[in-house]
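Derivation of every value follows stated rules applied to the coordinates shown; laboratory data play no part. Just so we're clear, the structure is a prediction, and the values are computed from it rather than from any experiment. Note that we place each Cβ from the backbone using ideal geometry, even for glycine, and neighbour counts take in every protein chain shown.
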Amino acid sequence: MHESSKPSREGRSQASRSFPNDDAALRPLSEWFREFARDNGIAGSRVLDFELCLNELVTNVIHYAYADRGEHEIRIALEREAGELRATVEDDGRPFNPLEKEPPAIPDSLEDAGVGGWGIPIVRAFADDLSYERRDGRNRFTIISRERPESS
Amino acid sequence: MELTYEDFEDGIRRIRLAGRMDVEGAREVDLKFTTLTASHQAFVIIDLSLVDFLSSLGLGTIVRSAKAQMSRQGKVVLLSPQPHVAKVLETTQVDQIVPVVYDFDEARRAVRPAGSPSG
């Protein structure tokens, strides 16, 4: 599924697409997002920040949302309106709110450091807003980036 | 993801990564990277100047190598991350446990074992 609308003079555009629950989908996801950003005149560090958030969220879904090894569809909608960039990531995995998960402890030393658990903390730090809801048997994450004077 | 390396006379190994250090990128270089950075004691400078994207899974690959070297009395230092990559290192506070420097000579001083000949 791949739908999109061109940027309008009213300043709103949107696109949606489904990706399989496979790591191989992550680069096509990034390319699709970057194309959307280009089409909407969004540039600079904001694009990289948002791309990383999308990558981390979808990686989290691919690796942790499903109890089985079957194929699943992850739906992603992008929307740009005025200075706001929004992505919604939906999956049909088990209920899982990563925002309730404690971030990894700050290690005192390399010896004590874990290797992982950074995905959601990165999203929290790089997105301007992040929310989760369980709706109609699906997990739904929304991330928002707001326009910054220096980046768009 | 590309990986090249060079060994210096003072026992320091410089590894240059280039490209996207995401899930796919980490897998592309994983075996070679692990062999070069973690299989035996080494003093490794990982040059990140050509890495334009670092995800949490790519970061895990780097931190694993640093931990492996620590357990072997070796050391890993990160050199010249681009601003976005540096932001990931700061956000995760990995920069607090793996040194990040922006000058090669400084990297050599930071990674070189005590008592080794000056390079």
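Report, in order of residue number, the helices in chain A meeting two criteria: a C-alpha extent of 27 Å or more along the helix axis, and a mean Kyte-Doolittle hydropathy of at least -0.5; treat each whole DSSP H run as one helix.
Flagged H segments are A:45-64.
Return the loop-located GluC sites (Glu not before Pro) in the stretch A:64-152 (DSSP other than H, G, I, E, B) with at most 11 other Cβ atoms within 10 Å of their own Cβ; answer none if there are none.
Those satisfying the criteria are A:Glu71, A:Glu111, A:Glu150.
Amide H to amide H, which residues 5 or more places from A:Gly93 or on other chains are under 5 Å from it, using H placed in the peptide plane?
A:Asn139
How large is ³J(HN,Hα), in whole Hz, for each residue of the stretch A:14-25 in order, when computed from phi with the Karplus curve 6.51 cos²θ - 1.76 cosθ + 1.60 and θ = phi - 60°, using x for Gly and Pro?
Karplus values, whole Hz, x for Gly and Pro: 8, 8, 9, 7, 10, 10, x, 7, 9, 4, 5, 7.
Which is the longest stretch in chain A that no exposed loop site breaks, taking sites as trypsin sites (Lys or Arg not before Pro) with a DSSP loop state and at most 15 other Cβ atoms within 10 Å?
A:10-68
Using the Cα atoms of chain B to build a convex hull, what is its mean projected area in square nanometres?
Averaging across all directions leaves 6.3 nm² for the Cα convex hull.
Quick check: convex hull over the Cα atoms of the stretch A:47-117, volume per residue in Å³, rounded to an integer?
Hull volume normalised by residue count: 138 Å³.
Mind checking which of A:Ala127, A:Ala82, A:Thr59 is farthest towards the positive end of chain A's charge dipole, using Cβ charges of +1 (Lys, Arg) and -1 (Asp, Glu) about the Cα centre?
In chain A, that residue is A:Ala82.
Give a quick list of chymotrypsin sites (Phe, Trp or Tyr not before Pro) in the stretch B:10-119 that DSSP marks as loop, anything other than H, G, I, E or B, with at most 13 other Cβ atoms within 10 Å.
Counting only loop positions with at most 13 other Cβ atoms within 10 Å, the chymotrypsin sites (Phe, Trp or Tyr not before Pro) in the stretch B:10-119 are B:Tyr102.
Taking the Cβ of A:Arg140 as the centre, find all other residues whose Cβ is under 13 Å away and add up their charges (Lys, Arg: +1; Asp, Glu: -1).
Its environment carries a net charge of 0.
Determine the percent antiparallel among the DSSP beta bridges restricted to the protein assembly as shown, to the nearest 5.
The antiparallel fraction comes to roughly 70 percent.
How many Lys pairs in the protein assembly as shown lie less than 29 angstrom apart by Cα atoms, where the lysines are 8 or more positions apart or on different chains?
Here the count comes out as 8.
Please identify which residues in the stretch B:63-96 have an amide N closer than 19 Å to a label point set 7 Å out from the Cα of B:Ser39, following the Cα→Cβ vector.
The answer is B:63-76.
Looking only at A:Ala105, A:Ala127, A:Ala43, which one moves most when chain A is put into a Gaussian network model with springs between Cα atoms under 10 Å?
So, out of A:Ala105, A:Ala127, A:Ala43, the one fluctuating most is A:Ala105.
How much net charge surrounds B:Thr91 when only the other residues with a Cβ under 14 Å from the Cβ of B:Thr91 are counted, with Lys and Arg +1 and Asp and Glu -1?
In short, -2.
If contacts are Cα pairs under 8 angstrom and at least 6 residues apart, what is the relative contact order of chain A in percent?
Relative contact order here is 26 percent.
For chain A, just the Cα atoms, rotate onto the principal axes and tell me the three extents in Å, largest first.
52, 38, 26
What net charge do the residues around B:Leu17 carry, taking every other residue with its C-beta under 14 Å from that of B:Leu17, with Lys and Arg at +1 and Asp and Glu at -1?
-2
Which value, in debye to the nearest 20, gives the size of the charge dipole of the stretch A:2-146 about its Cα centre, when Lys and Arg are +1 and Asp and Glu are -1 at the Cβ?
Dipole size: approximately 560 debye.
Where both partners of a DSSP beta bridge lie in the stretch B:1-97, what percent of those bridges are antiparallel, to the nearest 5?
Restricted to the stretch B:1-97, the bridges split so that about 30 percent are antiparallel.
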